[in-house]
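A.B. asks: Quick one: the structure is below, questions incoming.
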Amino acid sequence: MAALVIAEHDNATLKPATLNTITAAARCGGDVTVLVAGAGCDGAAQAAAQVAGVAKVLVADAPHLADQLAENVAAQAVAVAGGYSHILAPATASGKNVLPRVAALLDVAQISEITSVESPDTFTRPIYAGNAIATVQSADAVKVITVRGTAFDAAAATGGSAAVERIDAVADSGKSSFVGREIAKSDRPELTAAKIVVSGGRGMGSAENFKLLEPLADKLGAAMGASRAAVDAGYAPNDWQVGQTGKIVAPQLYVAIGISGAIQHLAGMKDSKVIVAINKDEEAPIFGVADYGLVADLFQAVPELTEKLG
Ligand code: FAD
């Protein structure tokens with residue numbers, strides 16, 4: 001039994017989701033190896049070597065791996081796959097791009113978005129937008145798995161001292177090339193890693209009104225989120241969407257404002273530790289999952305709450 005984790009990183013540092021994936025990999029039994037495929041990626045490799053529970057770090061460093069195009073990273077993973085019983089990556093946009101290719105190249109089924117490891121061949125994963133949990137058993141020789149980060153604690157970033165081994169980089173697939181990247185800049189925490197999230201829904205009424213949530217988020221040091229209805233209406237940017245087709249979050253505190261609580265929204269936030277809902281409709285389904293509910297007009301309640309927070 002041995003697990004290979006494909007690191008998500010920016011060449012200098014590891015993305016937090018990699019730490020949760022390492023925890024899942026450790027539960028599969030056997031040693032955990034982390035593959036860092038990048039360019040000038042010593043920083044990320046050293047970070048991976050320090051993660052508690054990591055036995056070995058494989059580093060493939062080449063210019064064509066700089067932007068971690070899925071075709072190249074998948075080929076790199078397959079090149080070292082021999083000897084591993086499990087290959088895992090975070091169920092992020094990046095991991096979901098790479099792992100299906102790995103599974104196809106190895107001719108095995110992918111096991112998607114696991115939320116627990118029951119045994120080395122048996123895992124649980126949500127289905128029907130999180131309304132049911134499926135227990136799946138795989139007979140494949142290699143289990144190719146994406147990991148839902150919110151279901152596993154992050155491995156400690158320090159305390160490990162894994163060996164770092166340089167490996168040959170695979171040739172550039174030539175199937176895709178990196179054109180450019182536009183990165184949204186924000187002083188707020190990243191949505192999926194934030195301890196507090198303030199989310200707005202269609203009830204906010206307009207993009208202008210949505211700004212009402214900013215002072216509240218600022219006071220709480222929160223990331224901002226939104227329902228799909230709010231995103232579709234243009235009140236909030238696309239990458240703020242929480243839910244089945246958005247981001248999955250599980251912060252310490254989730255504040256849902258003017259959000260009805262459709263199952264597709266709940267699928268992305270119902271594992272939050274404490275849920276607060278503000279809605280003028282006392283029958284709104286969000287109150288079914290809320291720990292604290294306030295039946296009120298948000299345009300009165302939000303400024304009042306923000307002011308009381310000092
Ligand atoms: P609404 O359901 O319209 O609710 C607005 C709420 O605001 C109401 O409860 C209302 O009482 C309240 N309100 C209005 N005015 C005020 C006021 N002044 N003060 C206080 N409260 C007020 N949705 C997601 O969010 N994320 C997803 O990822 C997602 N994926 C989907 C995938 C599929 C395949 C499908 C079919 C749907 C998906 N949806 C998703 C959409 C989902 O079904 C709902 O339509 C959506 O979540 C509703 O958003 P909402 O709660 O903001 O709007």
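A.B. asks: Take the residues of the range 128-150 that are open to solvent by less than 50 Å² (accessible area, probe 1.4 Å) and modelled with pLDDT under 95: which is farthest from GLY268 (Cα to Cα)? I'd like the intermediate steps shown before the answer.
C.D. replies: Of the range 128-150, the ones open to solvent by less than 50 Å² (accessible area, probe 1.4 Å) are 129-130, 132, 134, 136, 138, 140, 142-149.
Still in the running and modelled with pLDDT under 95: 129-130, 132, 149.
Numbers: ALA129: 9, GLY130: 9, ALA132: 14, GLY149: 12 Å.
This residue is ALA132.
A.B. asks: Restricting attention to the range 15-45, which residues are more than 20 Å from the chain's Cα centre (by Cα) and either open to solvent by 30 Å² or more (accessible area, probe 1.4 Å) or not assigned by the TED database to the domain that holds ALA79 (or both)?
C.D. replies: Those that are more than 20 Å from the chain's Cα centre (by Cα) and either open to solvent by 30 Å² or more (accessible area, probe 1.4 Å) or not assigned by the TED database to the domain that holds ALA79 (or both): GLY30, ASP31, GLY40, ASP42, GLY43.
A.B. asks: Please tell me if SER206 is among the polar types (S, T, N, Q) and near the ligand (Cβ under 8 Å from one of its atoms). Before the answer, list the steps.
C.D. replies: Details: among the polar types (S, T, N, Q): yes; near the ligand (Cβ under 8 Å from one of its atoms): no.
No; evaluated as a whole, the condition is false for this residue.
A.B. asks: Of the residues GLY53, GLY29, GLY83, which single one is under 27 Å from ASP121 (Cα atoms) and in contact with a Pro (Cβ under 9 Å, 6 or more places away or on another chain)?
C.D. replies: Details: GLY53 fails: in contact with a Pro (Cβ under 9 Å, 6 or more places away or on another chain); GLY83 fails: in contact with a Pro (Cβ under 9 Å, 6 or more places away or on another chain).
Exactly one residue qualifies, and that residue is GLY29.
A.B. asks: Among the listed residues ALA193, ALA155, identify the single one that is more than 30 Å from GLU307 (Cβ to Cβ) and among the small types (Gly, Ala, Ser). I'd like the intermediate steps shown before the answer.
C.D. replies: Details: ALA193 fails: more than 30 Å from GLU307 (Cβ to Cβ).
Of the residues listed, the single one that is more than 30 Å from GLU307 (Cβ to Cβ) and among the small types (Gly, Ala, Ser) is ALA155.
A.B. asks: Residues to consider are ALA60, ALA81, ALA48; find the one that is more than 16 Å from LYS175 (Cβ to Cβ), assigned to a helix (DSSP H, G or I), in contact (Cβ under 8 Å) with a residue 60 or more places away in the chain and assigned by the TED database to the domain that holds PRO100.
C.D. replies: That would be ALA48, the only listed residue that is more than 16 Å from LYS175 (Cβ to Cβ), assigned to a helix (DSSP H, G or I), in contact (Cβ under 8 Å) with a residue 60 or more places away in the chain and assigned by the TED database to the domain that holds PRO100.
A.B. asks: Criterion first (open to solvent by less than 50 Å² (accessible area, probe 1.4 Å) and either touching a His at 6+ places or on another chain (Cβ under 7 Å) or among the charged types (D, E, K, R) (or both)) does SER227 satisfy it?
C.D. replies: Values: open to solvent by less than 50 Å² (accessible area, probe 1.4 Å): yes; either touching a His at 6+ places or on another chain (Cβ under 7 Å) or among the charged types (D, E, K, R) (or both): yes.
Taking the combined requirement at face value, the residue satisfies it.
A.B. asks: Do you know which residues across the range 243-270 are open to solvent by less than 30 Å² (accessible area, probe 1.4 Å), of a type in the set (Val, Ile, Thr), more than 6 Å from the ligand (Cβ to nearest atom) and closer than 23 Å to GLU282 by Cβ?
C.D. replies: The answer is VAL255, ILE257.
A.B. asks: To continue, here is another question. Can you tell which of LEU65, LEU88 is open to solvent by less than 10 Å² (accessible area, probe 1.4 Å) and farther than 24 Å from ALA139 by Cα? So that I can check it myself, show each step before the final result.
C.D. replies: Working: LEU88 fails: farther than 24 Å from ALA139 by Cα.
Exactly one residue qualifies, and that residue is LEU65.
A.B. asks: Which residue, of ALA155, ALA129, is assigned by the TED database to the domain that holds GLY53, touching a residue at least 12 places away in the same chain (Cβ under 8 Å), within 16 Å of the ligand (Cβ to nearest atom) and among the aliphatic types (A, V, I, L, M)? If you could, list the steps in order and put the result at the bottom.
C.D. replies: On the way: ALA155 fails: within 16 Å of the ligand (Cβ to nearest atom).
Among ALA155, ALA129, only ALA129 is assigned by the TED database to the domain that holds GLY53, touching a residue at least 12 places away in the same chain (Cβ under 8 Å), within 16 Å of the ligand (Cβ to nearest atom) and among the aliphatic types (A, V, I, L, M).
A.B. asks: Of all residues in the range 276-298, which are closer than 24 Å to ALA132 by Cα, surrounded by fewer than 23 Cβ atoms within 10 Å (Cβ to Cβ) and of a type outside the set (Phe, Trp, Tyr)?
C.D. replies: Of everything in the range 276-298, those that are closer than 24 Å to ALA132 by Cα, surrounded by fewer than 23 Cβ atoms within 10 Å (Cβ to Cβ) and of a type outside the set (Phe, Trp, Tyr) turn out to be VAL276, GLU283, ALA284, PRO285, GLY288, VAL289, ALA290, ASP291.
A.B. asks: Another question about this same structure. For ALA104, all conditions in the list (1) crowded, with 16+ Cβ neighbours inside 10 Å; (2) not in a loop (DSSP other than H, G, I, E, B) hold save one; what is the number of the exception?
C.D. replies: (1)
A.B. asks: Between residues in the range 187-198 that are touching a residue at least 60 places away in the same chain (Cβ under 8 Å) and residues that are assigned to a strand (DSSP E or B) and open to solvent by 40 Å² or more (accessible area, probe 1.4 Å), which pairs lie under 7 Å by C-beta distance while being six or more apart or on different chains?
C.D. replies: The qualifying pairs are THR192/LYS247.
A.B. asks: Further, regarding this structure: Run PRO189 past the list (1) open to solvent by less than 40 Å² (accessible area, probe 1.4 Å); (2) at pLDDT below 95 and report the number of the one that doesn't hold.
C.D. replies: (1)
A.B. asks: Restricting to the range 221-268, name every residue that is among the β-branched types (Val, Ile, Thr) and more than 16 Å from the chain's Cα centre (by Cα).
C.D. replies: Those that are among the β-branched types (Val, Ile, Thr) and more than 16 Å from the chain's Cα centre (by Cα): VAL231, VAL255, ILE257, ILE259, ILE263.
A.B. asks: Could you check the range 18-45 and list, in sequence order, the residues that are of a type in the set (S, T, N, Q) and assigned to a helix (DSSP H, G or I)? Can you show your working first?
C.D. replies: Looking only at the range 18-45, we keep the residues that are of a type in the set (S, T, N, Q), and these are 18, 20-21, 23, 33.
Across the range 18-45, the qualifying residues are THR18, ASN20, THR21, THR23.
The values are calculated or read from the model by the stated rules, or taken from the named source; none is laboratory data. For clarity, every value in this text was computed on a predicted model and none was experimentally measured. Cβ: placed from backbone, ideal geometry, glycine included. Neighbour counts: every protein chain shown. To get the accessible areas, we keep the full protein, side chains included, count just its heavy atoms, and leave off ligands, DNA and RNA. Shrake-Rupley method; radii C 1.70, N 1.55, O 1.52, S 1.80 Å.
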